[in-house]
């Protein structure tokens, strides 16, 4: 049996760790949308049987759907629950939003940061706001800040969810109920009918408690989230002290939100062309 018989590529070095390969497969599908089993086996230097197992796992996680001879990514907001995908998606837009959020933070404040990749973009802008107390359930934020003397870091424990890269559940929620903050920062998976939506009910519970524990709250999301659907309603946009989005939203929708009392701010920045194109399509 030759390498080509088992679908091992001569051009790509095999990815040995399944979780890393799953992330790379998702990244590849983000660009291509659909791929055959043979194509994936060649690209990642593994057997077709291994790719079939990878696809079955991603189907179980509700990120992809099997098609004849291959796989296609699900065209829904469910896919955005994968942290590794979200962290790479619309990065320039998230930076523009994070820069504006950072302007609301003053040295000495206590801030609650949710597990979203939009909030994670704040890391670049927080050093100039030190000293800060940071409360978060986001594993990436805690890991990045824990050794920096400019921050007092409070990690919200609980059940670790590797897909969300965050701590969730009853333990996390109970810890939140005993804390308070000056400002809480959030993002959402979709925005419809004047409300922000999320796919996971555990995320909704945690974010609602986080919001109730803060004196002020800010919601930041790129304009592609307008019109997207998710299963659970998080909160009305009018309930936030600041709502930040990026250019590309339909003017009629923006006008309707502002008429309803939403403190909406469209954040200009050096956005990727694909960000604006996707948001307006």
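None of the figures in this text is laboratory data; all of them are computed from the coordinates on show. From a predicted model like this one, the values you see are computed outputs, not experimental measurements. So basically every Cβ, Gly included, is an ideal-geometry build from the backbone, and we count neighbours across all protein chains shown.
The simple spin-label model puts a point 7 Å past each Cα toward its Cβ; for residue 253 and residue 233 those points are separated by 1.8 nm. With both labels modelled 7 Å from their Cα along Cα-to-Cβ, the residue 33 to residue 130 distance reads 4.6 nm.
Looking at the P(r) of region 83-280, how many percent of alpha-carbon pairs lie beyond 24 Å? In whole percent, the share of Cα-Cα pairs in region 83-280 beyond 24 Å is 34.
To the nearest 0.05, what FRET efficiency results for residue 123 and residue 193 with a Förster distance of 30 Å applied to their C-beta separation? Once the sixth-power term is evaluated, E becomes 0.40.
Residue-normalised convex hull volume from the C-alpha trace of region 101-147: 69 Å³ per residue.
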